[in-house]
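Report on one structure; see the data block that follows.
The values are calculated or read from the model by the stated rules, or taken from the named source; none is laboratory data. Remember, predicted model here, so these are calculated numbers, not experimental data. Positions of Cβ are generated from backbone atoms using ideal geometry, with glycine treated the same way; all protein chains shown enter the neighbour counts. When the accessible area is computed, the model is the full protein with side chains, heavy atoms only, and any ligands, DNA or RNA have been set aside. Shrake-Rupley method; radii C 1.70, N 1.55, O 1.52, S 1.80 Å.
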Amino acid sequence: LVNKPARHPEHSKDNTQLRNKPLAANLHQALELAHKATPDEAFAMLVYTLRLGKARAASQVTATVEVETTHQRVVAFVQAFLKESDGGSRLAAVVGAIIRLMNEGHTVKVYPPNYSDRFAKTSGDVEIHHAKATISAFECKHRPISIDDVRHGIKKAKENGVPEYWFVGAVGLATGQEKEIQDEIRKSGERLDLHLIDILRVLPTWAALLNPVRRGQFGAVVAEILRDDMHRSEVANQAADLWNELE
């Protein structure tokens, strides 16, 4: 199983892999009640759960799509949105949205930051696929990029036959490892196309390359990735709210 909490054979509220401990405890109690309930009681619980899901779906915020959204709006949105990391989901969603919009003829997959590449056989947080091949992968780090991150990414690229690999950071490189990282990129770059970038530095250029129409779709795509690809509805709503506030 690619989801770490799901690798446990039984649900346990004490599972250390679960991030939301109160929600896990409530779910555990609900499962225990359902296990002991009569068929009518279990049906009533299911109906109630479905009603909650419908109410939650109705509360989802939609990001506006506007033709000719300004370059400044996209830059301001990303700068504000990345002030928090949410476990790396925000950076991956921003990068995923840009790559998806700029590669409309290809399949672009975006994975949650806690997705296990070992079990899912993924190459990066964002991947570009052509036919059945992964032609480019992006490793997104909302923390200082370390030499171990770089070596691990290069190893995945080689093992999975990915010809191009990107390391995208939001807060720079690990202190004291800058030269070692650059040397590793230079050495391995003889056989792979490797790129090491800071999202905030390349953002103005990337936003310009989107063109006015795709810039207008940017906020909606970020929210869509967070909601559908990462299952982070709350963060998706925050992204949509922020996008809608900006002009």
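I'd like to verify a number: residues in the stretch 183-222 that are within 17 Å of Ile145 (Cβ to Cβ) and exposed (fewer than 14 other Cβ atoms within 10 Å of the Cβ), how many? Number of matching residues: 4.
Residue check: is Glu180 of a type in the set (Asp, Glu), at pLDDT 95 or above, in contact with a Leu (Cβ under 8 Å, 6 or more places away or on another chain) and surrounded by fewer than 16 Cβ atoms within 10 Å (Cβ to Cβ)? For Glu180, the condition - of a type in the set (Asp, Glu), at pLDDT 95 or above, in contact with a Leu (Cβ under 8 Å, 6 or more places away or on another chain) and surrounded by fewer than 16 Cβ atoms within 10 Å (Cβ to Cβ) - is not met. When restricted to residues that are in contact with a Ser or Thr (Cβ under 6 Å, 6 or more places away or on another chain) and over 17 Å from Val222 (Cα atoms), the stretch 94-150 contains 4. If the condition is being open to solvent by 10 Å² or more (accessible area, probe 1.4 Å) and part of a helix (DSSP H, G or I), then the stretch 157-170 contributes Lys158, Glu159, Asn160.
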